[in-house]
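Here the structure is laid out as structure tokens; the discussion comes afterwards.
Nothing in this text is a laboratory measurement; each read-out follows from the coordinates by a stated rule. Because the structure is a prediction, the values reported are computed rather than measured. We place every Cβ from the backbone using ideal geometry, glycine too, and count neighbours over all the protein chains shown.
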Amino acid sequence: MNSTIYNIPKTIFLIGLPLASMIGVPLYVYQNGVVWQEPAMLLIGWFFAGLGITVGYHRLFAHRSFKAKPLTEWFIMFISTAALQNKIVNWCSDHRRHHRMLDTKQDPYSITEGFFHAHIGWIMKKTPTIIEGVEDLQKKSCVKFQSRFYWPLAISLCFLLPVVIGSLYGRPLGGFLWGGILRVTLVHHFTYFINSLCHYAGTKPYDVNTTARDSWYMALLTFGEGYHNFHHKFQWDYRNGIRWYDFDPSKWFIKTLSYFRLTYDLKKVQESRILKARFDCLSEQVTSILNERSSITYKKYLTRLDEANAKVKSYMKSWRELEKEASKINVLESIPGKINQINSLRLQYKIKMNGAINSLSVILVSLKDNLV
Ligand SMILES: [Zn+2]
Ligand SMILES: [Zn+2]
């Protein structure tokens with residue numbers, strides 16, 4: 001281990017934690033068996049701390065994609081502290097820089113430095129602590145409280161609490177291993193996968209010029225954060241999985257809290273912008289393939305591409321005007337029949353945009369498969 005590059009105590013802790021989980025838990029189970037309280041403590045703790053990171057650190061504090069009542073913010077601060085992923089200010093400063101400087105040397109967990117670096121290496125390495133661009137968060141009472149009492153709070157929630165719960169049913173060591181060591185390890189690594197695997201495996205439907213990728217299977221493991229290409233394109237949207245059936249428990253949690261007015265101002269990107277991003281992404285890929293080919297057949301496709309671009313430009317212009325009109329109607333009194341008319345026009349534009357996206361997809365697949 002190179003002590004000039006790596007922070008030795010941090011490295012020992014981050015390697016020791018999964019090792020202790022892999023050796024300590026099976027050994028304990030072999031000698032003492034399993035009681036239901038221990039897997040239950042693991043799953044409940046994982047659920048709250050994991051959501052604390054995705055809903056709290058990520059979508060609330062780092063991206064401000066929705067607002068929360070002070071009571072909700074304090075609750076989220078407590079559960080997210082149980083994830084043991086440093087203070088809100090440090091985490092959000094790093095994460096905002098990750099978005100700003102994506103895939104450059106200044107990106108703290110850039111995948112361009114390798115999978116290990118993006119996953120955990122960046123935490124182990126000796127790097128100066130830079131806290132910047134989080135002045136908005138530093139004013140919040142729960143953030144100030146967490147910054148002041150972070151370590152006693154984190155150690156109590158991560159390790160002492162499971163020992164206390166374990167003592168209540170006569171197995172403090174079992175509580176410590178299942179609810180502390182193993183639980184923290186899993187929350188750590190499934191968060192780290194967002195920085196490593198979500199920039200490594202999956203598709204790029206919204207932005208082809210980034211390492212961030214969408215994958216439903218990563219969403220299953222990361223409380224919905226697997227739709228990472230969408231997230232990097234529209235980071236202020238409180239959702240990562242935008243279709244109602246996309247597995248995104250963080251989105252569902254935020255939405256559910258909004259019914260009780262515990263969260264509000266949930267930000268959503270307009271559907272027209274999402275469809276436009278998908279079209280542009282395909283258009284860019286088709287253009288780059290066509291630019292490499294020069295036969296007459298490809299020129300024909302270039303013409304079709306230009307026509308599609310012109311059509312989409314006109315749909316988007318009309319759709320923007322429609323939304324402008326719709327926003328005025330919401331402010332004033334609703335005019336009978338007008339809302340229905342606007343919704344029907346919205347649907348028409350959506351169908352037209354989807355048609356343009358589908359035809360470009362066909363061209364792209366044909367070009368990739370060398371069918372034209
Ligand atoms: Zn990312
Ligand atoms: Zn983000």
Practice item. Determine the shape class of the stretch 175-310: with a ≥ b ≥ c the square roots of the Cα gyration tensor eigenvalues, call it rounded for a/c under 1.5, and otherwise prolate if a/b is greater than b/c, oblate otherwise. Key: oblate
Practice item. Among Gly175, Gly355, Gly56, determine the one that fluctuates most according to a GNM of the chain built with springs between C-alpha atoms less than 10 Å apart. Key: Gly355
Practice item. Assuming a ≥ b ≥ c are the square roots of the Cα gyration tensor eigenvalues, decide whether the stretch 28-88 counts as rounded (a/c under 1.5), prolate (otherwise, with a/b larger than b/c) or oblate. Key: prolate
**Study point:** Sparse-neighbour loop sites [trypsin sites (Lys or Arg not before Pro); the stretch 119-193; at most 11 other C-beta within 10 Å; DSSP]
**Key:** Lys139
Point to revise | Likely footprinting exposure, Ile123, Ile351, fewest C-beta neighbours within 10 Å first | key: Ile351, Ile123
Point to revise | Hz values of 3J(HN,Hα) by residue in the stretch 166-178 - Karplus curve (6.51, -1.76, 1.60), Gly and Pro given as x | key: x, 5, 5, 10, x, 9, x, 5, x, x, 4, 6, 6
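Could you list, in their original order, any pairs among Lys105/Lys126; Lys105/Lys125; Lys126/Lys204; Lys267/Lys350; Lys87/Lys140 whose Cα atoms are separated by more than 24 Å?
Values: Lys105/Lys126 15 Å; Lys105/Lys125 14 Å; Lys126/Lys204 32 Å; Lys267/Lys350 20 Å; Lys87/Lys140 13 Å.
With Cα atoms farther than 24 Å apart: Lys126/Lys204.
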Check your understanding: So what are the ³J(HN,Hα) numbers for the stretch 97-107, from phi and the Karplus equation (6.51, -1.76, 1.60; θ = phi - 60°), rounded to whole Hz, Gly and Pro as x?
Key -> 5, 4, 6, 5, 10, 3, 6, 10, 5, 7, 6
Practice item. Give the long-range amide H neighbours of Ala68: residues separated by 5 or more places, or on another chain, with amide H under 5 Å away, using H modelled in the peptide plane at 1.01 Å from N. Key: Tyr264
Check your understanding: What residues qualify as long-range amide H neighbours of Lys125, i.e. H under 5 Å apart, gap of 5 or more or another chain, H built at 1.01 Å from N?
Key -> Asn7
Study note, to complete from the structure: Cα extents of the chain along the principal axes, largest first, in whole Å, come to 73, 56, 41
Exercise for review: Please give the helix 338-368 orientation as an angle from the longest Cα principal axis of the chain, in degrees from 0 to 90, rounded to the nearest 10.
Suggested key: 90
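Taking N as the number of residues in the stretch 271-368, what is its Cα Rg relative to 2.2 N^0.38 Å?
1.34
Just tell me the longest site-free run in the chain, where the sites are chymotrypsin sites (Phe, Trp or Tyr not before Pro) in a DSSP loop having at most 15 other beta-carbon atoms within 10 Å. Each step should come with its number before you reach the end.
Working: sites that count: Trp36, Tyr169, Trp236, Trp244, Tyr245, Phe260.
With chymotrypsin sites (Phe, Trp or Tyr not before Pro) excluded where exposed in loops, the chain gives 37-168 as its longest stretch.
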Exercise for review: DSSP loop (so not H, G, I, E, B), at most 13 other Cβ within 10 Å: list which GluC sites (Glu not before Pro) in the stretch 98-202 pass both filters.
Suggested key: Glu132
